[in-house]
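Read the structure below first, then the notes.
Throughout, read-outs are computed from the coordinates displayed, never taken from laboratory work. Predicted model only: the values in this text are computed from it and were never measured. Cβ placement follows ideal geometry from the backbone for every residue including glycine, while neighbour counts extend to all protein chains displayed.
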Ligand code: NAP
């Protein structure tokens, strides 16, 4: 399971009208780079059964007629995230003017992974743009668990810090659970503390924070006025950081929720009944057009790099959902990149503001 926090993909792009991604079937990569965003962003090189994961393979049964025209509304996460950042900036400036408090976010980075360093840098940049103070601690790869815990404890006690993130993955000699449990629940802006998750799951209880990526998914549905109540929702994936909290959130919004995971038999039969699909799997183009009920709303959390020699970096990002096919069947769809990705960091900023407001009783 990947543990994670908010990550910003600076290269995200999206458009307000539907676009078709190019799928060049003659250029099948023989390697997929599994791209894990957020705290744990890392590339896992594997030797996949690639043709099965490509949109244009002919393996899927076609139960839904696919039009030639793209019809879905493109849910523009990049634009929504920008709106949220602007709203957060306005609130931060009001807070500063009225009570002289500036929200602060502390990030602890252990080791010298380049990807983790990039994500920390991106978070810092995002904080700067909205006026959140950011604090960073960098520890050597071979530091002890006690050292990490000491810094968490200091940030827990520091009144200028309202949110604490520990960039994951941590080196293997450090127990991730011990570390995440040590973050005080009032500053757990990632929402990963078991108490926050437990409250999310219980009726009548409110979590102090909701994990950023699933929160971003629901926010997109809200901002596009997509009704959730009474709808059939399917979440593909059940990770602690995305799938499971996304399912809990949908349930709190009165959707009827089914979770599909790696042991689910005939997943396409289940997804075909869904009014809303949230996919958080990490398998490029797994959800084919034939898996989608006409008019369904599709939220694609997956971020999967696939080799593409035509791209300057040698790869491009695709989602779990085969955009090319599914956008012809769905009523609305998030692109990858430019959908859920930018929302994650926007939600982190929003959670940090929320924390500062709550701690200082500012409305
Ligand atoms: P994860 O911890 O690896 O969980 C993947 C989930 O997918 C697991 O529950 C797994 O089932 C399920 N799964 C795997 N193969 C499946 C299959 N063939 N059919 C159905 N379910 C399958 O991954 P994660 O951290 O949740 O991330 C999922 C994806 O979201 C990744 O692409 C990741 O990069 C992306 N992500 C994006 C953001 C963002 O900001 N946009 C943030 C976080 C993650 P089991 O439980 O049975 O193993």
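What's log10 of I(q)/I(0) for segment 231-299 at q = 0.14, 0.25, 0.27 Å⁻¹, Debye sum over Cα points only, no solvent?
At q = 0.14, 0.25, 0.27 Å⁻¹ the computed log10 ratios are -0.35, -1.15, -1.33.
How would you rank 344-353, 108-117, highest first, on the average number of other Cβ atoms within 10 Å across their residues?
Values: 344-353: 28.2, 108-117: 17.7.
Top of the packing list down: 344-353, 108-117.
Using mean Cβ contacts within 10 Å as the protection proxy, how do 333-341, 312-320, 75-83, 262-270 order, highest first?
Details: 333-341: 27.9, 312-320: 19.4, 75-83: 21.2, 262-270: 12.8.
Highest to lowest by the protection proxy: 333-341, 75-83, 312-320, 262-270.
For residue 117 and residue 82, FRET efficiency with R0 = 25 Å and r from the beta-carbon atoms, rounded to 0.05? If you can, show how the numbers build up before the last one.
Numbers: r = 25 Å, r/R0 = 0.99.
Using R0 = 25 Å, I get an efficiency of 0.50.
Semi-axes of segment 202-339's equivalent ellipsoid from the Cα gyration tensor, sqrt of 5 times each eigenvalue, largest first, rounded to whole Å? Please report the intermediate quantities before stating the final value.
Details: eigenvalues 119, 58, 40 Å².
The equivalent ellipsoid of segment 202-339 has semi-axes of 24, 17, 14 Å.
So for 202, 286, 95, 343, fewest C-beta neighbours within 10 Å to most, what's the order? Don't jump to the answer; show the numbers that get you there.
Details: 202 11, 286 22, 95 19, 343 31.
Ranked by crowding around the Cβ, least crowded first: 202, 95, 286, 343.
Restricting the calculation to Cα positions, tell me the Rg (one decimal) and the Dmax (whole number) of segment 105-243 in Å.
For segment 105-243, the Cα radius of gyration and maximum Cα-Cα distance read 16.5, 51 Å.
Binning at 5 angstrom from zero up to the longest distance, how are the C-alpha pair distances of segment 184-278 distributed in percent?
3, 14, 24, 23, 19, 10, 5, 1, 0
On full extension of the chain, what length is gained from residue 73 through residue 128, given 0.36 nm per residue of separation minus the C-alpha to C-alpha distance? It would help to have the intermediate numbers written out before the result.
Numbers: separation 55, 0.36 × 55 = 19.80 nm, distance 3.21 nm.
Result for the pair: 16.6 nm of gain on full extension.
Stretch residue 185-residue 201 to full length: gain in nm at 0.36 nm per residue minus the Cα-Cα span?
Working: separation 16, 0.36 × 16 = 5.76 nm, distance 1.59 nm.
Once the chain is fully extended between residue 185 and residue 201, it gains 4.2 nm.
Counting pairwise Cα distances across segment 140-198, what percent come out greater than 14 angstrom?
Value for segment 140-198 (Cα pairs over 14 Å): 52 percent.
For residue 232 and residue 136, calculate 0.36 nm times their separation in residues minus their Cα-Cα distance, and state this gained length in nm to one decimal. All intermediate terms of the calculation are to be shown ahead of the outcome.
Working: separation 96, 0.36 × 96 = 34.56 nm, distance 4.23 nm.
Result for the pair: 30.3 nm of gain on full extension.
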